[in-house]
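A.B. asks: This structure is in structure tokens; I'll ask about it shortly.
The values are calculated or read from the model by the stated rules, or taken from the named source; none is laboratory data. As the structure is a prediction and not an experimental result, all values here were calculated from the model. Neighbour counts run over all protein chains shown; Cβ positions are idealised from the backbone, glycine included. Ligands, DNA and RNA are stripped out before the accessible areas are found, and what is left, the full protein with its side chains, is counted by its heavy atoms. Shrake-Rupley method; radii C 1.70, N 1.55, O 1.52, S 1.80 Å.
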Amino acid sequence: MGELDEIIKEFLVESNEGLDQVDCDLVALEKQPDDKELIARIFRAVHTLKGTSGILGFPLLESVTHAGESLLSRIRDGRLPMTPAIASALLSLIDFSRRAIQRVESNGSDSGEDGSSLVEQLRSLTGVSPSIGASADVDLYSGQPETHRLGEILVEDGHLSQQAVHEALAQQQSGDSRKIGEILVGTGTVVPKAVVQALGTQADVRSASSASTIRVDVAMLDRVMNLVGELVLARNRTVQFAATSADAGFLSTVQSLNLITAELQEGVMKMRMLAIGNVWNKLPRLVRDMAQACGKQVRIEVDGSETELDKTIIEAIKDPLTHIVRNAIDHGIESPEERRNAGKPVEGVISLRAFHEGGYVNLNISDDGGGIDVERVKAKALARGLMSSEQLARASEREILPLVFVPGFSTAEKVTNISGRGVGMDVVKTNIEKIGGTVDIHSKVGQGTSLQIKIPLTLAIVPALVVTSHGERFAIPQVSLVELVRLDATSGSKQIENVRGAEVYRLRGNLLPLVRLDRQLGVEDRSATDDNLQIVVLQADGRQFGLLVDEINDTEEIVVKPLGKHLKNGACFAGATTMGDGRVALILDVRGLAQEAHVVSENQRAMHGESLSAVANKEDRQQWLLFKAGANARMAMPLSSVQRLEEIRKSDVERSDNQDVVQYRGQIMPLVNVAESFRLEQATSSDPLEVIVHAHRGQSVGFVVSEVLDVVDQTVVPELSGGRAMLGTAVIQQRVTDIVDIDQLAEMALKAAAQPSAALIGA
Amino acid sequence: MAAAQQLCTFFLNPYFFGIEVHKVQEVLRPQDITRVPLSDAVVGGLINLRGQIVTAIDLRGCLGLEASRNEDSMNVVVRTEEGAVSFLVDEIGDVVEVEDGGFEPPPDTLEGPVRELVRGVYKLKDQLLIVLDTAKALRQKNEEAELRPATE
């Protein structure tokens, strides 16, 4: 590559950066037209662009930026007020320059577009004939070194008038060999202190732009990052190996290797970090243009733009962020009239907030617009068949809102060219999740919508929990981890309960659906017992579930490597990593795993939904087990009083002391026929018997029912006070259902067994 | 003079196979293999190749031969467009030089999955050397992989 190519390459990079900054500054300037510093910064950037494109021979770029510079110099000198028309013209100048730079990048020349009308527009706004504008400009800069001259700084700081600098310059040119600062102090136009201060500023600017930073190729950084990843793995291995050694010298060497590697890793990660402001800088311009196009007034507020993120992640969230902001303007913020009628400020606000928390970066994007109408989402969900009306009636707002992330889901009444086509929010979610992040949505009608995005700092190295299942190790990214539960070794299996084929665990009163990792992965060893199982409580898509594994090993920093193309079909794995001992371990994709697990059992999915609503409404809701007793009586009992559901063969039923009993887990369990107890019409008896096992004062009692129907989750208010062993009657699933007082029933059944002749519920 | 080429040979008992030597990156002794649950049957697992994670293909499975124990399998690592892939084979042979004169397309009697993956046969002095089409072996697997979700 020739030297000129190098220079042009640098010019491209610098110009693009400069233009991004100008974009931002211009939008800011519109809001604060008197901000001298902003004007000066924009002016300098445009001036630099003009100068460099002149030197490198891009005449088109030079001519338009020259016109822009003239206009800016007049604004800077206070001879022209900043107007929206000027802002628009300057923004189109920036866009034009960007296109020209793109052309330089792709085919080495800036030509290919007619800039004359833009130049005309800028000149007419400048309000002077071309020659005067140009000469004023030359006047100030001819024969001078690069920007940041002392005089300029003094003028910006407000110590001097432009006029005084011109006079001093004239004096210098006419033979005065003293420095400009000295001349100015000499003539008494400025105090020495101001000059010293200005000199400091000048030095800062100079050093900042040259010595303290260097540009490094991203590919180079990536390579270093990969190598550090390898080093971390080698370190892990060495540390593991050192555990078997007793050599003190070796151990201390390993110790320092360990520390240095950790620091190096941190350092390299920092090198790749970019402030999120790099993405946000583009948003003010977007908001301005979009708001104008939609006829709305929108202001953007940012907080925490210095929050740093890995470069790859910055790239990955760029589009989703843009999309969210677009959506907020198009659908969220109302038109000025609507806002006025609703008693809100006419100008809508979109606020962006970023902050670090626990190794993750939280992004909060909220608007104060109309919010999402849950009812409309429901109607749409029903129309599209995403949920049944029954499910919708039960679902909480927290469950409804995420439906907007479903592909093709749009509640917008009209499709605009900006959004409302239903593609978008799903893309946002997919992209965020692709990088291991999560999206949460909250909305209040009339008050606005807010999106919470949680993303990892970096993708390359993640902390993970290593578990063993069926002899194989698996890594679980810690972002999905909620807690660990160790099942008691002796009674492990008893704590895992079974509701209609779905295994659950009672975690602090709530039922946690369980997924057996080995079964899910199809490597189950059926001979294995349930002893010594561990539950890893995981969270995916806002739902918790327990993953049953054989062993929980350790937490480890792992380097995520993608799986080869041949293995892309498995939804359960997010990648693979090499462990300390050099073997490969698979990284579980918690979300994929959860989804797969639901597909496996329809029942389990229902359970899942239930337990979730139970969590959301635990104050006033309870889960009920619905069953049929006799030929057609529908009954319900609280699920919490159900220990297990069993099927018992008739041949296993024995008779003892005038009572049907069965040997159950080393106990003799009395069987109570519910239909008989309530003197209901008997159903044709089935084999095996459906038995609901209930623990009554430490004794298991089996209730024989004709069919277990369902588990429902709702508020049940018994209406009629029932007879004995009956809490009352309620409407569940649109059917009249008797609520059984299970304890009383058990009591009576056991008493009846003691007094053989009496009918159970007689008097 | 007939064009000669070199083949890296290996055994999938009782057959004798060859792959063009320039496609082979390296040959490794038996490695620790991590099985991948729910993957295609022909995926033997994953191996750690100096920090790089490489998919191991159970070539016996690919060819419809009865399975052997993966733990004892040698690895023939081949370069593909999608990065390195390792073929699990029973035994490694020599690098042999063959001449086009001795080449014949697969015989008509050859049937089943083997025929699909075989480019042809070299008649060596004392045995037949089957030339494997690595690209096809991998593609077949990918197609299967793509079909899988639909059939689930």
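A.B. asks: Quick one: how many residues across region B:64-86 are at pLDDT 80 or above and within 12 Å of chain A (Cβ to nearest Cβ)?
C.D. replies: Residues that pass the stated criteria total 4.
A.B. asks: If only one of A:63, A:53 is over 43 Å from the mean Cα position of the chain (by Cα) and part of a helix (DSSP H, G or I), which one is it?
C.D. replies: A:63 is the lone residue from the list that is over 43 Å from the mean Cα position of the chain (by Cα) and part of a helix (DSSP H, G or I).
A.B. asks: Another question, if that's okay. Answer yes or no as to whether residue A:350 is among the hydrophobic types (A, V, I, L, M, F, W, C) and open to solvent by 30 Å² or more (accessible area, probe 1.4 Å).
C.D. replies: Answer is no for this residue.
A.B. asks: Please enumerate the residues belonging to region A:681-692 that are surrounded by 12 or more Cβ atoms within 10 Å (Cβ to Cβ) and not β-branched (Val, Ile, Thr). Working first, answer last.
C.D. replies: Step one: of region A:681-692, the residues surrounded by 12 or more Cβ atoms within 10 Å (Cβ to Cβ) are A:682-683, A:686, A:688-692.
Of everything in region A:681-692, those that are surrounded by 12 or more Cβ atoms within 10 Å (Cβ to Cβ) and not β-branched (Val, Ile, Thr) turn out to be A:682, A:683, A:686, A:688, A:689, A:690.
A.B. asks: Can residue A:472 be described as open to solvent by 10 Å² or more (accessible area, probe 1.4 Å) and either outside the structural domain of residue A:322 (by TED's automatic domain parsing) or of a type in the set (Phe, Trp, Tyr) (or both)?
C.D. replies: So residue A:472 fits the description; yes.
A.B. asks: Could you tell me whether region A:307-316 includes any residue that is over 30 Å from residue A:234 (Cβ atoms), in the same structural domain as residue A:444 (by TED's automatic domain parsing) and surrounded by fewer than 17 Cβ atoms within 10 Å (Cβ to Cβ)?
C.D. replies: Checked against the condition, which is being over 30 Å from residue A:234 (Cβ atoms), in the same structural domain as residue A:444 (by TED's automatic domain parsing) and surrounded by fewer than 17 Cβ atoms within 10 Å (Cβ to Cβ), region A:307-316 yields no hits at all.
A.B. asks: Going by the structure shown, is residue A:372 within 21 Å of the chain's Cα centre (by Cα) and among the β-branched types (Val, Ile, Thr)?
C.D. replies: In short, yes.
A.B. asks: So, one more: What pairs can you find where one residue is in region A:691-709 and in contact (Cβ under 8 Å) with a residue 24 or more places away in the chain, the other is among the β-branched types (Val, Ile, Thr) and not in a strand (DSSP E or B), and their Cβ atoms are less than 6 Å apart, with a gap of 6+ or different chains?
C.D. replies: Hits for this filter: A:692/A:642; A:694/A:742; A:703/A:674; A:705/A:674.
A.B. asks: Here is a follow-up. With respect to residue B:17, determine if the residue is touching a residue at least 40 places away in the same chain (Cβ under 8 Å), closer than 30 Å to residue B:102 by Cα, away from chain A (no Cβ under 14 Å) and surrounded by 18 or more Cβ atoms within 10 Å (Cβ to Cβ).
C.D. replies: Taking the combined requirement at face value, the residue satisfies it.
A.B. asks: Let me ask something else about it. So, of the residues in region B:34-44 that are open to solvent by 30 Å² or more (accessible area, probe 1.4 Å) and of a type outside the set (D, E, K, R), which turns out to be farthest from the other protein chains (Cβ to nearest Cβ)?
C.D. replies: B:41
Yes or no, residue by residue, for (1) small (Gly, Ala, Ser); (2) surrounded by fewer than 21 Cβ atoms within 10 Å (Cβ to Cβ); (3) modelled with pLDDT of 85 or more:
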position	(1), (2), (3)
A:46	no, no, yes
A:52	no, yes, no
A:57	yes, yes, no
A:66	no, no, yes
A:74	no, yes, no
A:79	no, yes, no
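A.B. asks: Considering only residues that are modelled with pLDDT under 80, within 16 Å of residue A:628 (Cα to Cα) and in contact with a Ser or Thr (Cβ under 7 Å, 6 or more places away or on another chain), which ones fall in region A:687-724?
C.D. replies: Of everything in region A:687-724, nothing turns out to be modelled with pLDDT under 80, within 16 Å of residue A:628 (Cα to Cα) and in contact with a Ser or Thr (Cβ under 7 Å, 6 or more places away or on another chain).
A.B. asks: Still on this structure, I have one more. Just wondering, is there one or more residues in region B:103-112 that are within 14 Å of chain A (Cβ to nearest Cβ), small (Gly, Ala, Ser) and surrounded by fewer than 19 Cβ atoms within 10 Å (Cβ to Cβ)?
C.D. replies: No; the residues of region B:103-112 include none that is within 14 Å of chain A (Cβ to nearest Cβ), small (Gly, Ala, Ser) and surrounded by fewer than 19 Cβ atoms within 10 Å (Cβ to Cβ).
A.B. asks: Still on this structure: Could you look through region A:449-468, keep only residues that are open to solvent by less than 20 Å² (accessible area, probe 1.4 Å) and at pLDDT below 85, and pick out the one that is farthest from residue A:361 (Cα to Cα)?
C.D. replies: The extreme case among them is A:461.
A.B. asks: Report yes if residue A:667 is farther than 23 Å from residue A:727 by Cα and open to solvent by less than 50 Å² (accessible area, probe 1.4 Å), otherwise no.
C.D. replies: Criteria not met by residue A:667.
A.B. asks: For residue A:237, work out the one condition from (1) among the basic types (Lys, Arg); (2) within 14 Å of chain B (Cβ to nearest Cβ); (3) without any contact (Cβ under 8 Å) to a residue 60 or more places away in the chain it doesn't fulfil.
C.D. replies: So the condition that residue A:237 fails would be (3).
A.B. asks: Consider only pairs whose beta carbons are under 7 Å apart and that are at least six residues apart or on different chains; among these, list those whose first residue lies in region A:383-408 and is in contact (Cβ under 8 Å) with a residue 12 or more places away in the chain and among the small types (Gly, Ala, Ser) and whose second residue is part of a loop (DSSP other than H, G, I, E, B) and open to solvent by less than 60 Å² (accessible area, probe 1.4 Å).
C.D. replies: A:395/A:387; A:396/A:617; A:408/A:422
A.B. asks: While we're on this one: Within region A:256-303, restricting attention to residues that are charged (D, E, K, R) and more than 30 Å from residue A:235 (Cβ to Cβ), which residue is surrounded by the fewest Cβ atoms within 10 Å (Cβ to Cβ)? Write out each step before concluding.
C.D. replies: Looking only at region A:256-303, we keep the residues that are charged (D, E, K, R), and these are A:263, A:266, A:270, A:272, A:282, A:285, A:288-289, A:296, A:299, A:301, A:303.
Narrowing further to those that are more than 30 Å from residue A:235 (Cβ to Cβ): A:282, A:285, A:288-289, A:296, A:299, A:301, A:303.
Values: A:282: 17, A:285: 19, A:288: 21, A:289: 14, A:296: 22, A:299: 16, A:301: 10, A:303: 12.
This residue is A:301.
A.B. asks: Inside region A:543-567, can you point out the residues that are at pLDDT below 85, crowded, with 17+ Cβ neighbours inside 10 Å and either within 13 Å of chain B (Cβ to nearest Cβ) or touching a Ser or Thr at 6+ places or on another chain (Cβ under 7 Å) (or both)?
C.D. replies: A:558, A:559, A:560, A:561, A:563, A:564, A:565, A:566, A:567
A.B. asks: Kindly indicate whether any position in region B:65-77 is of a type in the set (S, T, N, Q) and either under 13 Å from the mean Cα position of the chain (by Cα) or on the phi > 0 side of the Ramachandran plot (or both). Break it down stepwise before answering.
C.D. replies: First, pick out the residues of region B:65-77 that are of a type in the set (S, T, N, Q): B:68, B:70, B:73, B:75.
Now drop any that are not either under 13 Å from the mean Cα position of the chain (by Cα) or on the phi > 0 side of the Ramachandran plot (or both), which leaves B:73, B:75.
Checked against the condition, which is being of a type in the set (S, T, N, Q) and either under 13 Å from the mean Cα position of the chain (by Cα) or on the phi > 0 side of the Ramachandran plot (or both), region B:65-77 yields at least one hit.
A.B. asks: Go through (1) crowded, with 16+ Cβ neighbours inside 10 Å; (2) modelled with pLDDT under 65 and name the single condition residue A:414 misses.
C.D. replies: Condition not satisfied by residue A:414: (1).
Residue-wise test of (1) part of a loop (DSSP other than H, G, I, E, B); (2) open to solvent by 80 Å² or more (accessible area, probe 1.4 Å); (3) closer than 23 Å to residue A:709 by Cβ; (4) of a type outside the set (Asp, Glu).
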{"residue": "A:651", "(1), (2), (3), (4)": "no, yes, no, yes"}
{"residue": "A:663", "(1), (2), (3), (4)": "no, yes, no, yes"}
{"residue": "A:672", "(1), (2), (3), (4)": "no, no, yes, yes"}
{"residue": "A:676", "(1), (2), (3), (4)": "no, yes, yes, no"}
{"residue": "A:679", "(1), (2), (3), (4)": "yes, yes, yes, yes"}
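A.B. asks: Scan region A:330-369 for residues that are polar (S, T, N, Q) and assigned to a loop (DSSP other than H, G, I, E, B) and jot them down.
C.D. replies: The one that is polar (S, T, N, Q) and assigned to a loop (DSSP other than H, G, I, E, B): A:335.
A.B. asks: Read through the list (1) more than 18 Å from residue A:313 (Cα to Cα); (2) within 14 Å of another protein chain (Cβ to nearest Cβ); (3) touching a helix residue (DSSP H, G or I) at 6+ places or on another chain (Cβ under 8 Å), then give the number of the only condition that residue A:225 fails.
C.D. replies: Residue A:225 satisfies every listed condition except (1).
A.B. asks: Follow-up. Filter region A:83-107 down to the residues that are in contact (Cβ under 8 Å) with a residue 60 or more places away in the chain and of a type outside the set (Asp, Glu), then identify the one that is farthest from residue A:12 (Cα to Cα).
C.D. replies: A:87
A.B. asks: Looking at region B:45-63, can you tell me whether even one residue there is in contact (Cβ under 8 Å) with a residue 60 or more places away in the chain, within 10 Å of another protein chain (Cβ to nearest Cβ) and surrounded by 16 or more Cβ atoms within 10 Å (Cβ to Cβ)?
C.D. replies: yes
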